[in-house]
1. Is it fair to say residue 102 is within 24 Å of residue 402 (Cβ to Cβ), in contact (Cβ under 8 Å) with a residue 24 or more places away in the chain, assigned to a helix (DSSP H, G or I) and open to solvent by 40 Å² or more (accessible area, probe 1.4 Å)?
2. For segment 136-157, what are the residues that are assigned to a helix (DSSP H, G or I) and either without any contact (Cβ under 8 Å) to a residue 40 or more places away in the chain or on the phi > 0 side of the Ramachandran plot (or both)?
3. Give the residue, chosen from 74, 61, that is in contact (Cβ under 8 Å) with a residue 24 or more places away in the chain and open to solvent by 40 Å² or more (accessible area, probe 1.4 Å).
4. Scan segment 406-419 and give yes if some residue there is hydrophobic (A, V, I, L, M, F, W, C), outside any helix (DSSP H, G or I) and closer than 23 Å to residue 199 by Cα, otherwise no.
5. Please find, within segment 289-333, the residue that is least open to solvent (accessible area, probe 1.4 Å) out of those that are farther than 18 Å from residue 272 by Cβ and basic (Lys, Arg).
6. Could you list all residues from segment 8-55 that are within 20 Å of residue 308 (Cβ to Cβ), assigned to a helix (DSSP H, G or I) and open to solvent by 50 Å² or more (accessible area, probe 1.4 Å)?
7. Please enumerate the residues belonging to segment 398-444 that are open to solvent by less than 50 Å² (accessible area, probe 1.4 Å) and among the small types (Gly, Ala, Ser).
8. Test of understanding: among 207, 182, which residue is over 19 Å from residue 436 (Cα atoms), modelled with pLDDT under 90 and either surrounded by fewer than 20 Cβ atoms within 10 Å (Cβ to Cβ) or charged (D, E, K, R) (or both)?
Amino acid sequence: MPKLAKERTQENQRKIEAAALELFTTQGFHGTNNREIAQKIGVSTGTLYTYFPNKESIFARLAQKYRSHMDQWRKQMLSGPGDPLSRCGLQKLAVAVQSLMFDDSESFLILLIIDVIEFRNQHFLQVFHNVPKQFRRLLGPALDQVRKQPGWRGEDPAFVLASMYVYFFTYFLMEKHMQGESHLGIPNDQATERFIDLLSHGLWGASQTASGKADGSGKAARNTNGTDRKQTLQTELERIDYLRFLSGRLWSSPPDAPLHARGGNGANPTKPPILFLPEIPRERIDENQLRIEAAALQLFTTQGFHGTNIRDIAKKAGVSQGAIYMYYPGKESIFAGLVQSYRHSMRKFLDRVFKALESPFSKDDLRLFAAAMRSMVYDDAEYWLLMYIDVIEFKNRHFLTAFHDIPEQFRRLLGAAASKVKKQAGWCGQDPALVMAMIYFYFHTYFVIERLMHGNRHLDVPDEEAVERFIDILSYGLWTVPEVPAPNGKLAGRQAAKGQPSR
C-alpha cells in the first residue's frame, strides 16, 4: 500500500475508534450500533466495514491498544532503583495508579466496566491474572531483597505489593468514576498515607504479638489446624447467610422459609439475589412485578441499560409490554427501583453484620467481616454490576451517595466500639471508623476482582488463604521495627538500632 494511502487508512481507523470509544463509554457496547458510530464521524455505515468487519472488532481493537498501554505503563511504573515496599515506593505506586486513572479515564472505563458487564471480562482476562507473578517477573531481585531485610514479616512481598496495587485501583476508581469526593473523608494524599501506615504497622503492632492478646479482643490468640479452620469458615458462612436472609427486601415477618442450601459441590453455588430473599407464600407478593424486576436485572447486568428494551424485559418475564407500564412508567424507573431496593437491602445487611461484631478489630471478627464482604460480592454480583452500569450510562446518578464519606457511615455502625478500641493497649492510633472503611475496601477489592473480573486466584492463593494473609498483615503489620522520626519531624522510614538502612 502506498505510504499516503496507508496513512489515510490509519487516520480513518483512528477516527472510527475514537467515535466508538465515546459512544461505548456513555451508552455501553450493546447500546451502541454501527449507524451511530458512522453518523458521529460523518460517513456511511458501509464505510465502517471497509476498516472493521463488525462492531466487536472495533471494541477488540480498542481493548488490545489499552492492554498494550497497561503493559507499558506497568513496566515504566515499576522501573528504576528503590525498594517497592518502602514508604517512598508505595507512594510512587499510588501516584502512578492515580495518574493512570485520572489521565486515561475513558480507556479505563472499557477495562473495568464494559468488558466486565457485556463480555464477562473476555478482552481483559489476563490483566488481573496472577498479579504477584507479574510483579515477580518485573521486580524479582528487589522483592527478594525485601525478604532479607531485618524486621520484614509480610511473608511473600509480591503478594503484599499486588494486594496494595489493586487496592489503589479501587480507591482511585471510587474517586474518579463514582464521584467519591474523598470517600474516605480525607484528601487523596492523606488517604494513601493512612493506608500505607495501616499495612506497615498493623492495627495492634507486631511488638504486641508475644502477649497473645494482640488483636484487641482480650482473648489469647488461637492457632487452628486445617480442619478447625474449615469448620470455623463454614460457621462464618452460615451466620452470614442468615444475616443476608433477614435482609431480603421481601422479608416482612419472622422468617418462615428455610435458608437456601448451598447446592452443588462448588465453592460459589448460585444463589438468588438478596432482593428476592426469602421465599414467601405466593399470595403475599405480586408475581408479575417480581418477574419483571428479575428479568430486567438479568438483562441490565448482561447487556447494559441502553442495550435492553422494554420488549426484551417483557419477553423474558413472560408478560405483555403493557403489563410493565402498570408498574413502571418507563425503563429507567425499573432500573432506579432495582437500585433503590438493592441499596436498602445492602444497608440492612451491613447494619446486621456490624451488630454481629463483638470486637470489630479482633481476628475472629475480621474473618466474619471478610465473609460478609465475600457474600456481598459473590452472592450479589448483580448489585455491583448495576453500580458499574450506573457509572457508565448515568454518570453514577443513582449511586451518587453510596460512597460518600464511608468512615462517617461506619462510625454510626460501630457505635461505642469505636471509642472503646481507641483506649485499648497497642491500638495503632488511627480513627477506628477510617480504619474499618479501609479494611472494607481492602477485602472488597479482592472479592470484586475474583468474582466480577474472573481473577481466578489473582493473588495466586485460594480465598481462605488470601483472607488469612490480609488479616495477619492488618493485625500486626509488615514490619516489626518501628518507624522513627527524621530530624525534620517527618517519618524517615524503618530504621533499626543496629544501623538498618532507612526505608
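The values are calculated or read from the model by the stated rules, or taken from the named source; none is laboratory data. Treat the numbers as computed from the prediction; the structure is a model and nothing was measured. When we count neighbours, we look across all protein chains shown, and the Cβ atoms used for this are built from the backbone with ideal geometry, even at glycine. We work out accessible area using only protein heavy atoms, side chains counted, and drop any ligands, DNA or RNA first. Shrake-Rupley method; radii C 1.70, N 1.55, O 1.52, S 1.80 Å.
1. Working: within 24 Å of residue 402 (Cβ to Cβ): yes; in contact (Cβ under 8 Å) with a residue 24 or more places away in the chain: yes; assigned to a helix (DSSP H, G or I): yes; open to solvent by 40 Å² or more (accessible area, probe 1.4 Å): yes.
Yes: the conditions hold for residue 102.
2. Step one: filter segment 136-157 for residues assigned to a helix (DSSP H, G or I), giving 136-148, 157.
Within segment 136-157, 136, 137, 140, 141, 144, 147, 148 meet the criteria.
3. Numbers: 74 fails: open to solvent by 40 Å² or more (accessible area, probe 1.4 Å).
Exactly one of 74, 61 is in contact (Cβ under 8 Å) with a residue 24 or more places away in the chain and open to solvent by 40 Å² or more (accessible area, probe 1.4 Å), namely 61.
4. Residues of segment 406-419 that are hydrophobic (A, V, I, L, M, F, W, C), as a first pass: 406, 410, 413-414, 416-418.
Going one step further and asking which of them are outside any helix (DSSP H, G or I), we end up with none.
Checking segment 406-419: not a single residue is hydrophobic (A, V, I, L, M, F, W, C), outside any helix (DSSP H, G or I) and closer than 23 Å to residue 199 by Cα.
5. Step one: of segment 289-333, the residues farther than 18 Å from residue 272 by Cβ are 303-315, 319-333.
Next, from what is left, pick out any that are basic (Lys, Arg): 311, 315, 331.
On the way: 311: 140, 315: 176, 331: 44 Å².
Here the residue is 331.
6. Once the filter is applied, which keeps residues that are within 20 Å of residue 308 (Cβ to Cβ), assigned to a helix (DSSP H, G or I) and open to solvent by 50 Å² or more (accessible area, probe 1.4 Å), segment 8-55 yields 26, 35, 36.
7. 402, 415, 417, 418, 426, 433, 437
8. Working: 182 fails: over 19 Å from residue 436 (Cα atoms).
That would be 207, the only listed residue that is over 19 Å from residue 436 (Cα atoms), modelled with pLDDT under 90 and either surrounded by fewer than 20 Cβ atoms within 10 Å (Cβ to Cβ) or charged (D, E, K, R) (or both).
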